[in-house]
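A short reminder: the numbers here are calculations on the coordinates, not readings from a lab. This structure is a prediction, so every number in the text was calculated from the model and none was measured. Using ideal geometry, Cβ is built from the backbone for each residue, glycine included, and neighbour counts are taken over all protein chains shown.
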Amino acid sequence: MNELASGAIAMASLIIALFFLRFWRTSGDRFFLYFALSFLVQAIHRVYAALPTMSGHEDAPLHYLIRLLAYLLILWAVLDKNWPRRKSPAEAHPKESQ
């Protein structure tokens, strides 16, 4: 039963990653790209954790590091989106219209 739930979560994470990739392609906003990468990492982790020969114990440090990477991607996306940007010289001093 645990493998079934892991497979369903992995599939859902992959579908969410594909939605964010589509949003990134249409908007060009890096925010969606970081979220897509985060959910892709989570999907790959779920598949890796479900494999009996590869994963070892669920409380192994590697599992926490992979999850930390996914959450840090989300945190970076939020910080990058809200960080003030420098204006280009053309935006900082627009020409006055007559």
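Data overview
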| quantity | calculated |
| --- | --- |
| Residue within the stretch 12-28 that is part of a helix (DSSP H, G or I), loosely packed, with under 15 Cβ neighbours inside 10 Å, more than 14 Å from the chain's Cα centre (by Cα) and hydrophobic (A, V, I, L, M, F, W, C) present | no |
| Which listed residue, of Ala43, Ala70, is closer than 22 Å to Asn2 by Cβ, free of Cβ contacts under 8 Å to residues at least 60 places away in the same chain, surrounded by 11 or more Cβ atoms within 10 Å (Cβ to Cβ) and in contact with a His (Cβ under 8 Å, 6 or more places away or on another chain) | Ala70 |
